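Asker: I have a structure here, written as structure tokens, and I will follow up with some questions on it.
Derivation of every value follows stated rules applied to the coordinates shown; laboratory data play no part. Predicted model, so just to flag it, every value in this text is computed and none were measured. All Cβ positions, glycine included, derive from the backbone under ideal geometry; neighbour counts span all protein chains shown.
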Amino acid sequence: MTARTLVGALVVVAGTGVSAQESDLIAPGAKVERLAGGFGFLEGPAADADGALYFSDVVNDRIHRWSPETGVTTFRERTGRANGLRVDLDGTLLVCEMDTRQLTAIDQSGQRSVLADEFEGQRFNSPNDLWVDPKGGIYFSDPHYGPTDAQEIKGNHVYYLAPDRETLRQVTTDLVQPNGIIGTPDGSRVYIADQGVGRLWAYRPSDDGSLNDKRLFVSQGSDGLTMDERGNLYVTGQDITIFDPSGEPIASIGIPEPPANLTFGGRDGTTLFITARTSLYRVDMRVTGQ
């Protein structure tokens with residue numbers, strides 16, 4: 001699972017027919033490159049400060065690690081069906097565990113701890129995706145999929161775990177199936193994809209993590225989201241669509257398999273990593289992520 005394959009220059013600027021290189025987003029001559037394949041269903045790419053990438057294979061209940069030096073290695077097995085991942089400000093790996101219905105953390109020594117597993121005495125549905133704000137607070141989505149027999153919380157919401165890792169708030173009330181989540185580097189906006197209605201919403205967060213001023217960003221749901229340094233939002237669907245901060249589509253990136261999630265990483269932050277069904281891909285960019 002360490003072989004690399006160039007699968008084509010599948011990048012276009014939406015509605016223009018010119019190359020994405022001319023849009024000043026994609027590196028000159030960049031191609032979509034398959035880094036590894038043969039997985040069950042990939043999700044949750046999360047980059048660390050050393051240029052490595054963590055990602056989850058939901059079907060096979062594993063978290064893998066990729067680096068240029070070692071390729072793909074198995075970081076952890078029996079993960080509670082880990083989905084969304086994020087590297088915290090101190091290097092801790094944060095994990096949304098769907099089967100255990102917990103938000104957990106794995107420190108750099110490999111020690112696992114539970115950060116949150118219930119709200120007001122009721123167990124979460126199935127934590128899915130997450131984002132860490134500049135203060136160290138964690139936003140995470142908690143949709144429910146499948147049979148409802150064991151569901152304790154009525155509805156599907158987004159929560160905010162404060163930097164003290166004790167204060168937990170429910171910050172949405174009216175979403176159908178919240179999934180992908182990302183915020184701006186300065187923490188002034190939070191974006192949440194509602195897969196249940198095919199909408200992507202923008203919010204203004206308050207100091208306590210609560211979300212206000214909800215507005216429609218684009219009429220498209222998404223499994224995964226990321227953002228570059230210019231505030232452009234990268235949204236997964238059948239391919240990847242890039243929206244500028246006003247919500248206008250400016251480019252798209254075609255992937256051989258429907259992408260589930262994506263993030264910027266690499267040693268200089270200019271690699272766009274993409275988890276797409278059975279394979280891990282990357283594209284070299286001119287812009288960096290957060």
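Asker: Going by amide H atoms built from the backbone, whose H comes under 5 Å of the H on ALA36, apart from near neighbours?
Answerer: Correct list: LEU280.
Asker: Another question, then. Given H placed on each backbone N at 1.01 Å, which residues far from GLY198 in sequence or on other chains put an amide H within less than 5 Å of it?
Answerer: Result for GLY198 returns GLY221.
Asker: At q = 0.28 Å⁻¹, what log₁₀ I(q)/I(0) does the range 30-93 have when each alpha carbon counts as one equal point scatterer in the Debye sum?
Answerer: So the normalised log intensities work out to -1.31.
Asker: Ordered by packing density, taken as the mean number of other Cβ atoms within 10 Å over each peptide's residues, highest first, how do 66-75, 79-88 rank? Before the final figure, lay out the partial values.
Answerer: Details: 66-75: 14.6, 79-88: 23.1.
The packing order, highest mean first, is 79-88, 66-75.
Asker: Which of TRP201, TRP131 comes first, and how do the rest follow, when ranked by fewest Cβ neighbours within 10 Å?
Answerer: Working: TRP201 20, TRP131 25.
With the fewest neighbours first, TRP201, TRP131 line up as TRP201, TRP131.
Asker: On average over all directions, what projected area in square nanometres does the range 42-284 have, based on the convex hull of its Cα atoms? Could the numbers behind the result be given before it?
Answerer: Working: hull surface 49.1 nm².
With every direction weighted equally, the projected area is 12.3 nm².
Asker: Let me ask something additional. Going through the range 79-159, which GluC sites (Glu not before Pro) have at most 16 other Cβ atoms within 10 Å and a DSSP loop state? Could you put the intermediate results ahead of the total?
Answerer: Numbers: sites: GLU97, GLU118, GLU120, GLU152; in loops: GLU120, GLU152.
Of the GluC sites (Glu not before Pro), the ones in loops of the range 79-159 whose Cβ has at most 16 other Cβ atoms within 10 Å are GLU120, GLU152.
Asker: Using the Karplus curve 6.51 cos²θ - 1.76 cosθ + 1.60 with θ = phi - 60°, what ³J(HN,Hα) values do you get for each residue of the range 150-162, in whole Hz, with x for Gly and Pro?
Answerer: Working through the residues one at a time gives 9, 6, 9, 7, 7, x, 10, 9, 10, 10, 10, 9, 5 Hz.
Asker: Then there is this: Can you work out the Karplus-derived ³J(HN,Hα) for every residue in the range 184-193? Use 6.51 cos²θ - 1.76 cosθ + 1.60 with θ = phi - 60°, whole Hz, and x for glycine or proline.
Answerer: In residue order, the calculated couplings are 6, x, 8, x, 7, 9, 10, 10, 10, 8 Hz.
Asker: Sticking with this structure for a sec: Across the range 261-277, in residue order, what do the Karplus-derived ³J(HN,Hα) couplings come to in whole Hz, using 6.51 cos²θ - 1.76 cosθ + 1.60 with θ = phi - 60° and x for Gly and Pro?
Answerer: So the Karplus estimates, Gly and Pro as x, are 7, 6, 7, 8, x, x, 5, 10, x, 9, 9, 8, 8, 9, 9, 9, 6 Hz.
Asker: Same structure again: Skipping prolines and chain starts, which residues have an amide H placed within reach, meaning under 5 Å, of the one on VAL287, given they are 5 or more residues away or on another chain?
Answerer: none
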